[in-house]
Amino acid sequence: MRFDVMTLFPDMLENIFNESIIGRARKKGLLDIRTYNIRDWSGNKHNKVDDTPYGGGMGMLMAAPPIYNCYIAITEDAEEKPYTVYLSPKGKPFTQDVAKELLEKGRIVLLCGHYEGVDQRVLDELVDEEITVGDFVLTGGELPAAIIVDAVSRMVDGVLPNEDCYENESVASGMLEYPQYTRPFEFHGVSVPEVLISGNHEKIETWRFEKSLELTREKRPDLYERLDLEEEKKKLKERIRKACLGGVVDDE
């Protein structure tokens, strides 16, 4: 999977992409993440990439030529136009389903806006889709770009140990994740639920399913309303089957 990120702050993104799971996958060659400083294509000695908007208004607007020149330079090796996304508050909300759609593209170019936005003409010519990560305003598109790269990358084969690592997690599975616990067994007077130390894989998976369902209904009624419960029960049976392959299920 390849990501080309066009930005005014490549170091900001490199610091994120070089850490943790994404950083390790990048070193292994599982991910090809490249960042480009749009200023390198400014065409002037001051590396200026913005100007005042026609019609007046506050702030500055990113000009079309540097973005266009950067895009042409980084995609000249492509056999066909890479799928291009502009991080914009006017875009489609980013969800797990959108992440799965982007995964299928194979190569994505992400354009990070800044200041008061980007000249509409370059968006019309280059961009296939605008995406937002939420209904709030940020200083630029770098953080949303990092979110998209992270969410898509973790579904790439080999980045995580196996697909269960992401398919059974919050939202990715369609439901919120169940509560989890680790040592010590008791903390501030609260003990780990007994079912989790029972060794009964069927009971454990059933408990997790019920807790996920309960949390989704309580905290994300919008997700709960969209659930196909029969499909979720089929997934539960499959998880139980896989879990039981690794141990003996009690008869109790």
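Restricting the stretch 211-230 to residues that are in a helix (DSSP H, G or I), open to solvent by 70 Å² or more (accessible area, probe 1.4 Å) and in contact (Cβ under 8 Å) with a residue 40 or more places away in the chain, which is farthest from L176 (Cα to Cα)? Explain how you work it out, then say what you get.
Let us first name the residues in the stretch 211-230 that are in a helix (DSSP H, G or I), namely 211-219, 221-226, 229-230.
After this cut, where a residue has to be open to solvent by 70 Å² or more (accessible area, probe 1.4 Å) as well, the list is 214, 217-219, 225-226, 230.
Now restrict to residues that are in contact (Cβ under 8 Å) with a residue 40 or more places away in the chain: 219, 226.
Values: K219: 9, R226: 13 Å.
Checked the stretch 211-230; the qualifying residue farthest from L176 (Cα to Cα) is R226.
Going by what's in this entry, would E116 be described as of a type in the set (D, E, K, R) and at pLDDT 95 or above? Reasoning before the result, please.
Details: of a type in the set (D, E, K, R): yes; at pLDDT 95 or above: no.
Against the criterion (of a type in the set (D, E, K, R) and at pLDDT 95 or above), E116 does not qualify.
I'd like the full set of residues that are in a helix (DSSP H, G or I) and either open to solvent by 40 Å² or more (accessible area, probe 1.4 Å) or not hydroxyl-bearing (S, T, Y) (or both), limited to the stretch 52-71. Even if it seems obvious, please write down each step before you answer.
Initial filter on the stretch 52-71 (in a helix (DSSP H, G or I)): 64-71.
Matches in the stretch 52-71: A64, P65, P66, I67, Y68, N69, C70.
Select from the stretch 31-51 the residues that are in a loop (DSSP other than H, G, I, E, B) and either within 26 Å of the chain's Cα centre (by Cα) or hydrophobic (A, V, I, L, M, F, W, C) (or both) and list them in ascending order.
Passing the criteria: L31, V49.
Take the stretch 9-30 and flag every residue that is assigned to a helix (DSSP H, G or I), open to solvent by 60 Å² or more (accessible area, probe 1.4 Å) and hydrophobic (A, V, I, L, M, F, W, C). Please lay out each step first, then the result.
Step one: of the stretch 9-30, the residues assigned to a helix (DSSP H, G or I) are 10-17, 20-28.
Still in the running and open to solvent by 60 Å² or more (accessible area, probe 1.4 Å): 11-12, 15-16, 20-21, 24, 27-28.
Answer for the stretch 9-30, where residues must be assigned to a helix (DSSP H, G or I), open to solvent by 60 Å² or more (accessible area, probe 1.4 Å) and hydrophobic (A, V, I, L, M, F, W, C): M12, I16, I21.
Going by the structure shown, is I33 closer than 19 Å to V152 by Cβ, open to solvent by less than 20 Å² (accessible area, probe 1.4 Å) and modelled with pLDDT of 95 or more?
Yes: the conditions hold for I33.
Just to check your reading of the model, which residue among E116, E79, E101 is among the charged types (D, E, K, R) and under 30 Å from G59 (Cα atoms)? Working first, answer last.
Numbers: E79 fails: under 30 Å from G59 (Cα atoms); E101 fails: under 30 Å from G59 (Cα atoms).
Exactly one residue qualifies, and that residue is E116.
At least 3 residues that are free of Cβ contacts under 8 Å to residues at least 60 places away in the same chain and buried (at least 16 other Cβ atoms within 10 Å of the Cβ) in each: list the helices (runs of 4 or more DSSP H) lying fully within the stretch 72-190 that qualify.
Passing ranges, in order: 96-103, 120-126, 142-153.
The values are calculated or read from the model by the stated rules, or taken from the named source; none is laboratory data. No experiment lies behind these values; they were computed from the predicted model shown. A quick note on method: Cβ atoms are made from the backbone with ideal geometry, for glycine too, and the neighbour counts reach across all protein chains shown. The protein model used for the area step is the full one, side chains on, heavy atoms only, and it has no ligands, DNA or RNA in it. Shrake-Rupley method; radii C 1.70, N 1.55, O 1.52, S 1.80 Å.
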